[in-house]
1. List the chymotrypsin sites (Phe, Trp or Tyr not before Pro) within segment 36-122 that fall in a DSSP loop (any state other than H, G, I, E or B) and whose Cβ has at most 14 other Cβ atoms within 10 Å.
2. Taking all protein chains in place and a 1.4 Å probe, what share, in percent, of the accessible surface of the chain do carbon and sulfur account for?
3. Would you mind working out the accessible area per residue for the chain, using a 1.4 Å probe, and quoting it in Å²?
4. Mind checking the alpha-carbon convex hull of the chain and giving the volume per residue in Å³?
5. Do any trypsin sites (Lys or Arg not before Pro) in segment 3-78 lie in a loop, going by DSSP, with at most 11 other beta-carbon atoms within 10 Å of their beta carbon, and if so which?
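The values are calculated or read from the model by the stated rules, or taken from the named source; none is laboratory data. Bear in mind that the values here come from a model prediction, so they are computed numbers and not experimental data. Note that we place each Cβ from the backbone using ideal geometry, even for glycine, and neighbour counts take in every protein chain shown. Please note that ligands, DNA and RNA were not included when accessible areas were found on the heavy atoms of the full protein model with its side chains. Shrake-Rupley method; radii C 1.70, N 1.55, O 1.52, S 1.80 Å.
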Amino acid sequence: MSAGTPDDARVPIAASGTRENAHAHLDPIVAAERSWGNRITKDWHIVDHHFGDWLLTLEKPFHVDRLRETFVFPGTIRLGTYARRSDGSGGVRMCLGDQLNLMGIEAPLPADLPAVNAEIEL
(Lines give C-alpha, C1' and ligand atoms only; values in the text may rest on other atoms or scores of the structure.)
Protein backbone atom coordinates (compact mmCIF):
# COMPACT_ATOMS: atom_id res chain seq x y z
CA MET A 1 0.00 0.00 0.00
CA SER A 2 1.30 3.43 -0.78
CA ALA A 3 1.44 6.09 1.89
CA GLY A 4 -1.76 8.07 2.06
CA THR A 5 -4.05 5.37 0.65
CA PRO A 6 -6.22 4.08 3.49
CA ASP A 7 -7.48 0.49 3.33
CA ASP A 8 -11.10 1.64 3.21
CA ALA A 9 -10.40 3.64 0.02
CA ARG A 10 -9.18 0.53 -1.82
CA VAL A 11 -11.36 -2.12 -3.44
CA PRO A 12 -11.15 -5.56 -1.80
CA ILE A 13 -10.48 -8.48 -4.15
CA ALA A 14 -12.44 -11.62 -3.29
CA ALA A 15 -10.64 -14.86 -2.50
CA SER A 16 -12.35 -16.72 -5.34
CA GLY A 17 -14.63 -16.36 -8.33
CA THR A 18 -18.14 -17.71 -8.76
CA ARG A 19 -19.48 -21.02 -9.99
CA GLU A 20 -20.48 -19.35 -13.26
CA ASN A 21 -17.20 -17.43 -13.63
CA ALA A 22 -14.17 -18.99 -11.96
CA HIS A 23 -12.01 -15.90 -12.56
CA ALA A 24 -14.62 -13.28 -11.60
CA HIS A 25 -12.52 -12.13 -8.61
CA LEU A 26 -9.59 -11.31 -10.93
CA ASP A 27 -11.70 -9.51 -13.55
CA PRO A 28 -11.53 -6.13 -11.69
CA ILE A 29 -7.73 -6.34 -11.91
CA VAL A 30 -7.91 -6.98 -15.65
CA ALA A 31 -10.41 -4.13 -16.05
CA ALA A 32 -8.11 -1.76 -14.13
CA GLU A 33 -5.07 -2.76 -16.19
CA ARG A 34 -7.05 -2.15 -19.39
CA SER A 35 -8.18 1.27 -18.13
CA TRP A 36 -4.49 2.12 -17.50
CA GLY A 37 -3.56 1.30 -21.12
CA ASN A 38 -2.77 -2.40 -20.97
CA ARG A 39 -4.25 -4.85 -23.49
CA ILE A 40 -5.22 -8.50 -23.36
CA THR A 41 -3.13 -10.56 -25.78
CA LYS A 42 -4.71 -13.89 -24.81
CA ASP A 43 -8.03 -13.99 -22.99
CA TRP A 44 -8.92 -16.41 -20.19
CA HIS A 45 -8.20 -20.00 -21.20
CA ILE A 46 -7.52 -23.29 -19.45
CA VAL A 47 -3.81 -24.11 -19.49
CA ASP A 48 -3.94 -27.52 -17.85
CA HIS A 49 -7.16 -29.47 -18.38
CA HIS A 50 -6.20 -31.96 -15.66
CA PHE A 51 -5.90 -29.32 -12.92
CA GLY A 52 -8.10 -26.65 -14.50
CA ASP A 53 -5.48 -23.88 -14.42
CA TRP A 54 -6.83 -20.65 -15.94
CA LEU A 55 -4.58 -17.96 -17.47
CA LEU A 56 -4.93 -14.55 -19.10
CA THR A 57 -2.02 -12.73 -20.75
CA LEU A 58 -1.48 -8.96 -20.84
CA GLU A 59 0.58 -7.09 -23.42
CA LYS A 60 2.48 -4.79 -21.02
CA PRO A 61 3.91 -5.19 -17.50
CA PHE A 62 1.60 -4.75 -14.53
CA HIS A 63 1.08 -1.27 -13.06
CA VAL A 64 2.25 -2.51 -9.66
CA ASP A 65 2.02 0.78 -7.76
CA ARG A 66 -1.46 1.45 -9.11
CA LEU A 67 -2.60 -2.07 -8.21
CA ARG A 68 -1.37 -1.50 -4.63
CA GLU A 69 -3.19 1.84 -4.45
CA THR A 70 -6.43 0.51 -5.92
CA PHE A 71 -6.96 -2.94 -4.41
CA VAL A 72 -6.69 -4.93 -1.19
CA PHE A 73 -5.58 -8.47 -2.06
CA PRO A 74 -6.33 -11.64 -0.10
CA GLY A 75 -3.30 -13.62 1.05
CA THR A 76 -3.92 -16.28 -1.60
CA ILE A 77 -3.17 -13.85 -4.44
CA ARG A 78 0.49 -13.18 -5.06
CA LEU A 79 2.54 -11.26 -7.60
CA GLY A 80 5.91 -12.54 -8.68
CA THR A 81 8.61 -12.47 -11.31
CA TYR A 82 9.67 -15.67 -13.00
CA ALA A 83 12.82 -16.65 -14.86
CA ARG A 84 13.08 -19.31 -17.53
CA ARG A 85 12.99 -22.86 -16.21
CA SER A 86 16.28 -24.71 -15.83
CA ASP A 87 15.52 -26.62 -19.04
CA GLY A 88 15.22 -23.28 -20.89
CA SER A 89 11.46 -23.50 -21.30
CA GLY A 90 8.96 -20.93 -20.13
CA GLY A 91 9.32 -17.24 -20.55
CA VAL A 92 10.62 -14.49 -18.34
CA ARG A 93 7.46 -12.87 -16.99
CA MET A 94 5.42 -11.49 -14.13
CA CYS A 95 2.39 -13.36 -12.85
CA LEU A 96 -0.36 -12.28 -10.51
CA GLY A 97 -1.63 -15.65 -9.38
CA ASP A 98 -4.44 -17.01 -7.29
CA GLN A 99 -2.69 -19.94 -5.64
CA LEU A 100 -5.87 -21.32 -4.08
CA ASN A 101 -7.92 -21.52 -7.28
CA LEU A 102 -5.08 -22.18 -9.78
CA MET A 103 -5.45 -19.18 -12.03
CA GLY A 104 -3.42 -16.17 -12.92
CA ILE A 105 -2.72 -13.18 -15.06
CA GLU A 106 0.69 -13.01 -16.72
CA ALA A 107 2.48 -10.03 -18.20
CA PRO A 108 5.92 -9.26 -19.57
CA LEU A 109 8.70 -8.50 -17.13
CA PRO A 110 9.61 -4.78 -17.07
CA ALA A 111 13.18 -3.95 -18.11
CA ASP A 112 14.04 -2.64 -14.62
CA LEU A 113 13.32 -5.95 -12.82
CA PRO A 114 15.74 -8.89 -12.83
CA ALA A 115 14.73 -12.16 -14.49
CA VAL A 116 14.65 -14.17 -11.26
CA ASN A 117 11.99 -16.03 -9.31
CA ALA A 118 10.88 -13.52 -6.69
CA GLU A 119 7.72 -12.31 -4.99
CA ILE A 120 6.62 -8.67 -5.25
CA GLU A 121 4.69 -7.32 -2.31
CA LEU A 122 1.14 -6.26 -3.03
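1. Here the sparse-neighbourhood loop sites are 36, 51.
2. For the chain, the apolar C and S fraction of the accessible surface comes to 52 percent.
3. Per residue, the chain has 58 Å² of solvent-accessible surface.
4. 119
5. 19, 39
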